[in-house]
Amino acid sequence: MALKSDLSAGYYYVCTALIVLLVISIIYLIHQIMTYINRTKKKDIPNLHKNETYENNDNITPARSIHLIPTVWFHKFWNHVIHIVGVGEMSIGTIIILLIYLTVNIIFLALPFETDEGVPHVTSIRFAYLGIANAAFIFPLATRNSIFTTLMGIPFERMITYHRWVGRTIFWLLTFHASAQIQSNYNSSKSVSNSLWGTDVYKWGFLAYLFLSITVTMANSVFRRFAFEWFYWSHFNFLFFIIFGCLHQKIFFYFTITGIVLYGIDKILRKIFGSFRTVNVTSVEAVSSGVTKIIFRFPTYYEAGQYIFVNFPFLKLPTSLIDWHPFSLSSPPLSSFGSSISSSGGVNTASIDDTVDEGFTSIHVKIQGGYTKTLYAKSQQGSQLTETPLTMRVQGPYGKSSIDFSSYKTVLLVSGGVGITPIISILGDLVDSQIKSNYIVTQAIHFLWVIPDIGSYSWFEKELEKIQQSAATLLPPEKYLLDIQVFLTRSTTTPSSKFFPGRPNIRKIMKLIKQNHGSGDIAVGVCGPAPLIKEVRNAAGSESDVTCLFKTHTETFEL
Ligand SMILES: Cc1cc2nc3c(=O)[nH]c(=O)nc-3n(C[C@H](O)[C@H](O)[C@H](O)COP(=O)(O)OP(=O)(O)OC[C@H]3O[C@@H](n4cnc5c(N)ncnc54)[C@H](O)[C@@H]3O)c2cc1C
């Protein structure tokens, strides 16, 4: 079938993108199968070298080279993080992917597609077709139960970055199209109103663009950070963009329908299986420094490091009926470590059941703004709260670690403040797997937590001590190492084996770990403030060499 030249640009753009996505999916699925096969093989855990147990640092076993120099340089270059003014932190790899995406769009804008219908090429129409071709992908990229997560392992919180890129590209392509069309309409009619809504096509096109502009403006990081609800609810203007877009040109419908259907299926699935899942809250505790710890029964399978969306319908009516907030699951899956509950130690406790049981899950919520403050105030009600328990609804779990930590001999976990929540879940899961199974190769775990003072340590004191105690009593020290270091940035405490004053020197710590670890790559997990994440990622690049690459997985509390 022959297509108009400009429509061809949009059509072939979608085909190209689908082929790229298919190739990535196949690579990912092969990788998943290999990982699964590897996991099901029983691991023979050797004894740690003397230097790995830190007993004899003078006599370090020399590491073997396992990587080529170009591989190491590529790893360093690709993962190096830089700060871009007005944008924030971005790795060179992410910048390259963004540049490739923009270049492909520019190529499709310029390519001279043939047509046998004799329809002339009109630049502004080409912009419109490319805009709606991009719109074909915008909905799956904003979908929580996304096909991209299933086929390519890209979790929602990472896809949302691509959603932003695609959204802005659509906006700029359609801005060019709309301005050029309005100018051309004005040139022929010399009337502003005629050029905006003189015909049905102009009118629907103008309205579609207007609602797109509102949606994109309200999605600016200023609104996302300081007025999240405004951003969230204004984003539903996209519905008007679609309706008016389809009325403007029917082809808009054909390009976007698959994405819209996938988005709709996600919403329905979440309504059926997610939104109405009210969980049984066992304990709500106001821990020190504005942290609320909630323990609940969550009989759903989840992976360490995942997060859920939480709603407390009666927290502050009427808005709390529809207010959903994301929080990481701080307890490890299928474990008894994380859900340790006790009525002592916190500022206040509204504990219904003080027993510790498998199948309980926890979240830790730190005060940020109005919502988390109200929750903390509620959790301080103590015995009153026991009489009127907190109703909690849950959606999820979501998220996916980019690294299979259990397949690395040495793991470094770094967290700052409440960023510990996904990290302690990973820590608990690793130690739990070391105790329970033979399918994990992780032998040495280094855990760093940066907090202002010893008060914040109480957020996870019981959990950390339980993990450490279990590791010390149940794991043979000649095979396993668990090293927990807590850095108190506003304290001048005398250093001990666990507590250190000031900030950690990440590069120095990585150097030491590398020296002691022998050869083989090291997995790094980090969650916390952006400067800490940047420091860890760049240190991981700097310390990588032919004997060992530091491979980093980052979690941020931003969607
Ligand atoms: C994947 C993920 C995991 C998280 N895990 C934890 C955790 O384990 N513990 C913890 O204390 N905090 C966690 N957070 C942060 C937590 O979601 C916010 O602190 C909380 O939503 C703030 O709400 P607020 O109204 O009190 O504060 P606000 O002042 O309204 O918001 C503070 C910040 O949170 C963001 N935010 C606000 N509402 C939402 C929302 N509904 N959805 C997404 N972001 C929002 C805003 O962009 C803003 O930057 C996590 C965030 C994400 C994205």
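The values are calculated or read from the model by the stated rules, or taken from the named source; none is laboratory data. Please read these numbers as outputs of a predicted model, since none were measured by experiment. A quick note on method: Cβ atoms are made from the backbone with ideal geometry, for glycine too, and the neighbour counts reach across all protein chains shown. Note: areas computed on protein heavy atoms with side chains; ligands, DNA, RNA excluded. Shrake-Rupley method; radii C 1.70, N 1.55, O 1.52, S 1.80 Å.
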Bridge type composition, the chain - antiparallel percent by DSSP, nearest 5: 55 percent
Most to least packed among 530-541, 150-161 [average Cβ atoms within 10 Å]: 530-541, 150-161
Listed residues His80, Phe238, Thr319: farthest to the positive end of the dipole of the chain (Cβ charges): Phe238
Heavy-atom surface of the chain, accessible at 1.4 Å and reported per residue (Å²): 48 Å²
Simple Cβ-charge dipole of the stretch 405-555, Lys/Arg +1 and Asp/Glu -1, about Cα centre, in debye nearest 20: 280 debye
Computed helical MRE - 222 nm, the chain, DSSP H runs ≥ 4 contributing -39500 (n - 2.57), nearest 500: -15500 deg cm²/dmol
The stretch 451-559 shape via C-alpha gyration tensor axes, a/c threshold 1.5: oblate
C-alpha long axis of helix 250-269 to longest principal axis of the chain, angle in °: 30 degrees
Segments 495-508, 423-436, 462-475 sorted - mean Cβ within 10 Å per residue, highest first: 423-436, 462-475, 495-508
Heavy-atom accessible surface of the stretch 388-486: percent carbon and sulfur, 1.4 Å: 54 percent
Check: the stretch 384-472 dipole with +1 on Lys, Arg Cβ and -1 on Asp, Glu Cβ, in debye: 260 debye
Cα long-axis angle, helix 530-543 against the chain (0 to 90 degrees, to the nearest 10): 70 degrees
Degrees separating the helix 123-138 axis from the principal Cα axis of the chain, which is the longest one: 30 degrees
Size of charge dipole - the chain - debye, nearest 20, with Cβ of Lys, Arg +1 and Asp, Glu -1, no other charges: 540 debye
